[in-house]
1. Count the lysine pairs in the chain that are 8 or more places apart or on different chains: how many have C-alpha atoms under 21 angstrom apart?
2. May I ask you to list the trypsin sites (Lys or Arg not before Pro) in segment 272-357 that are in a DSSP loop and have at most 11 other Cβ atoms within 10 Å of their Cβ?
3. Report the longest stretch of the chain that contains none of the GluC sites (Glu not before Pro) sitting in a DSSP loop with at most 15 other Cβ atoms within 10 Å.
4. Using a cut-off of under 13 Å, list every residue of segment 165-192 whose amide N is near the label point 7 Å from the Cα of ALA304 along the Cα-to-beta-carbon line.
5. For segment 194-336, calculate the relative contact order in percent as a whole number, restricting contacts to Cα pairs under 8 Å that are 6 or more residues apart.
6. Helix-only mean residue ellipticity at 222 nm, the chain, DSSP H runs n ≥ 4 weighted -39,500 (n - 2.57), per residue, nearest 500. What is it?
7. When the Cα centres of segment 111-129 and segment 188-267 are compared, how far apart do they sit, in Å?
8. For segment 1-149, what proportion of DSSP beta bridges, expressed in % and rounded to the nearest 5, is antiparallel?
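The values are calculated or read from the model by the stated rules, or taken from the named source; none is laboratory data. Note that the coordinates shown come from a computational prediction; the quantities given were computed from them, not determined experimentally. Positions of Cβ are generated from backbone atoms using ideal geometry, with glycine treated the same way; all protein chains shown enter the neighbour counts. Accessible surface areas use protein heavy atoms only, side chains included; no ligands, DNA or RNA. Shrake-Rupley method; radii C 1.70, N 1.55, O 1.52, S 1.80 Å.
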Amino acid sequence: MKTGKAARKKSGVEFIPARALTAWAVRCLSATGVPPADARTIAGSLVQTSLWGIDSHGIARLGHYLARLTAGSIEAKPRLRLKRTGPCSAQLDGGHGHGIVVCHRATDAAIALARKNGIGVVGVANSTHGGAIGLYGRKAAAAGMVSIAFTHSDAFVAPHGGREKFLGTNPICITVPTRNPRRPLCFDMATSAVPYNRVMNYRRENRPLGPGWALDATGRPTTNPHAVACLLPLAGHKGYGLALMIDLLCGPLNGMPFGPHIPPMYTELKRRRRLGSFFIVIDPRRFAGGRALAATTGRFAREARAQPRAKRAEPILAPGDPELRCAARRGKGGIPIEPGLREEFARWSERLGVRAP
């Protein structure tokens, strides 16, 4: 069996080191006018997400962000305005800046409020797509905090029992720290069967979808990524109900639109997205078990992993384990880049006059 470079060449997949991808992304973002610090934040967040194996929200999304930056719907140099609305609450206007920059700023503000008053709640308005929401939960956990984070998107998902898109993929992330700041328990999930960005990745590579993910324009189940009209909610009415409530917290609570009234992500690239997010950060030391929580959380995870497995089942993991395992593997062997994505990288490199990774 062929291994190494020969196997990679045969499969058509390239494995590019994280450092090279990060440097390339910074060059591309800088070429569109994004300030150096923000370019590093966005690039680092995207590559970290790819290292975790969350390819639906990783470096594959850079091309879309560059398209919106050049179209003007994402402000390269936004004016972020943070307004304290109470001892434990604040509202952040993202100024239509890049969602990753905006959400990092909101998380920082929520952490600061929690340190001072025990809890920090920050609502976000006038933002754009913020990447993987687990970025912000892990950031809070690294500061020793418990966090619950939500965001929403334009309509990709049918309601339970429906056949037309109405809600976003609206994810939730709950993160609890352990003694190791780099190994929190992090549960990050979309409320749809899969993130829509995964459909975009499969469409670019002409790969079939999994069963039970999506419907076509006639309302019939489909595995053809090019025929997808909408996604299905996760676990039927449960995912639908979660998505609806998350939409209310991220959209209307922050003065932003909901569901089908949110401007679309992948079309109308000159139109502002007007997305919201909602971040809750809690200082565990304000509660009876808070000082021991990090140690207890680690013990909880170890006991969960040690539980008896069902016959032929995969190893039992704790929330966040799959991402850490993938990061260790990809940190050594590089991030896999499919041929279609590699071509997209080459087109943007040529257009922006930067050196390709």
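1. 9
2. Here the sparse-neighbourhood loop sites are ARG309, LYS311, ARG312, ARG355.
3. 1-163
4. Answer for segment 165-192: 174-178, 184-189.
5. 10 percent
6. Calculated from helices alone, the mean residue ellipticity at 222 nm is -12500 deg cm²/dmol.
7. The two parts, judged by their Cα centres, are 26 Å apart.
8. Counting only bridges with both partners in segment 1-149, antiparallel ones make up about 45 percent.
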